[in-house]
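Below: one structure, written as structure tokens.
The values are calculated or read from the model by the stated rules, or taken from the named source; none is laboratory data. Computed from a predicted structure; not experimentally measured. Glycine gets a Cβ as well: all are built from the backbone with ideal geometry, and neighbour counts include every protein chain shown. These accessible areas exclude ligands, DNA and RNA; they are computed on the full protein's heavy atoms, side chains included. Shrake-Rupley method; radii C 1.70, N 1.55, O 1.52, S 1.80 Å.
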Amino acid sequence: YPASDGSSSRTRIGKIVRLIDVTHAVELIPIYGTMMDCSVSSTTSLERYDNFYLNAFSDKEWYHTLHADFA
């Protein structure tokens, strides 16, 4: 997010999650828009983009968990 003083510096926002609360790793895919910035790497993508897709197809079990009918 932009710094409150109007400068272009950015700060990573996050929170601490207890390891016992983690159930599954996920893959996040940045939403590039109309053009992708070629200077972005896997190291900087979390800082450069604000919106992401969740990769529901990373493995078969995770896909079925997300698409299960709980009715």
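Structure notes:
- Amide H contacts of Phe52: Ile31, each under 5 Å away and 5 or more positions distant or on a separate chain (H built 1.01 Å from N in the peptide plane; Pro and chain starts excluded).
- Accessible surface for the stretch 13-63, divided over its residues, is 89 Å² per residue with a 1.4 Å probe.
- Hz values of 3J(HN,Hα) by residue in the stretch 43-55 - Karplus curve (6.51, -1.76, 1.60), Gly and Pro given as x: 6, 9, 5, 5, 7, 8, 10, 9, 10, 9, 8, 8, 7
- Summarising the label geometry, the points placed 7 Å from Cα in the beta-carbon direction at Phe57 and Thr23 lie 2.4 nm from one another.
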